[in-house]
1. Given the criterion out of contact with any Gly (no Cβ under 8 Å at 6 or more places or on another chain), touching a residue at least 24 places away in the same chain (Cβ under 8 Å) and surrounded by fewer than 16 Cβ atoms within 10 Å (Cβ to Cβ), identify the matching residue among H137, H127.
2. Considering each of L62, L13 in turn, give the residue that is surrounded by 14 or more Cβ atoms within 10 Å (Cβ to Cβ) and modelled with pLDDT under 60.
3. Could you pull out every one of the helices (runs of 4 or more DSSP H) wholly within segment 125-201 that has 3 or more residues that are under 15 Å from the mean Cα position of the chain (by Cα) and at pLDDT 95 or above?
4. Can you tell which of V210, V113, V151, V217 is at negative phi and buried (at least 18 other Cβ atoms within 10 Å of the Cβ)?
5. Quick one: E35 ticks every box in (1) modelled with pLDDT under 50; (2) exposed (fewer than 13 other Cβ atoms within 10 Å of the Cβ); (3) over 15 Å from G96 (Cα atoms) except a single one, so which number is it?
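The values are calculated or read from the model by the stated rules, or taken from the named source; none is laboratory data. Here the structure is a predicted model, which is why all the values come from computation and not from measurement. For neighbour counting, all protein chains shown are included, and Cβ atoms are generated from backbone atoms with ideal geometry for every residue, glycine included.
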Amino acid sequence: MKILYLIFLWVSLFGFNGASEKKKLANEGVAVSLEEQMLGNKIIPEEILDIVEEVMPQYPELWDTPIEFKFTSIKGMTMCAQPKASVLYRSTDKRGYVIKMSNNADPLNGMVVAEAPREVLVGLIAHELGHIMDYQHKSKLSMLRFGIGYVCSKNFMRKAEYAADSFAVSKGYAAHVTAIKNYVIGTECFPESYKDRLRNFYPSPEQIAVLEEEFLVK
């Protein structure tokens, strides 16, 4: 899995891409609604559309960023944000991303997105958008280093997840991020390996509370 991830990241960052970006209506002087500004370049499954509509207004930095939300098979995690190879350009402001969401239907293997509480789903989307916020201004080389560090270093992974949660907390989603932890740890049928990943690599509820306090003071 780690080798496949690194191959995907290499292709995403350095692979050829001949697609051209469509002109935005706003640049042509056409009035667009707030919803069109936020979601016009997003691909969102109907199942989570209302969740994304709730969270996206808090991330104006990502309104112009193409993002595809996609249900697929993901081993060992619920969601995962990555650069999207088909829309990745040289300049950082032209990048597109995909947020992969687990299509797991068996709670014995981990969270079932369709069955998760709304507060948890809001927290998950806020967290993944936090990853994209973290990626936004990284160069191609920095992103390659990030990918290598994430799969090769447990400490690096912890820092990456802390950064994503930090962005989510700064947007007002501390309670929702904490809800993810409480839901996963408190759901008896979820496998221990799934819970251990959360315990080992993601900020604890206590750390989230400290982060929230720091942002409130600023």
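1. Result: H137 is the single residue among H137, H127 that is out of contact with any Gly (no Cβ under 8 Å at 6 or more places or on another chain), touching a residue at least 24 places away in the same chain (Cβ under 8 Å) and surrounded by fewer than 16 Cβ atoms within 10 Å (Cβ to Cβ).
2. That would be L13, the only listed residue that is surrounded by 14 or more Cβ atoms within 10 Å (Cβ to Cβ) and modelled with pLDDT under 60.
3. On the way: elements: 140-152, 154-170, 174-186, 192-201.
So the answer is 154-170, 174-186.
4. Details: V210 fails: buried (at least 18 other Cβ atoms within 10 Å of the Cβ); V151 fails: buried (at least 18 other Cβ atoms within 10 Å of the Cβ); V217 fails: buried (at least 18 other Cβ atoms within 10 Å of the Cβ).
Testing whether each residue is at negative phi and buried (at least 18 other Cβ atoms within 10 Å of the Cβ) leaves just V113.
5. Among (1) modelled with pLDDT under 50; (2) exposed (fewer than 13 other Cβ atoms within 10 Å of the Cβ); (3) over 15 Å from G96 (Cα atoms), E35 violates only (1).
Residue-by-condition table, conditions (1) basic (K, R); (2) part of a strand (DSSP E or B):
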position: Q37; (1), (2): no, no
position: E47; (1), (2): no, no
position: V52; (1), (2): no, no
position: M56; (1), (2): no, no
position: E61; (1), (2): no, no
position: E68; (1), (2): no, yes
position: F71; (1), (2): no, yes
position: K75; (1), (2): yes, no
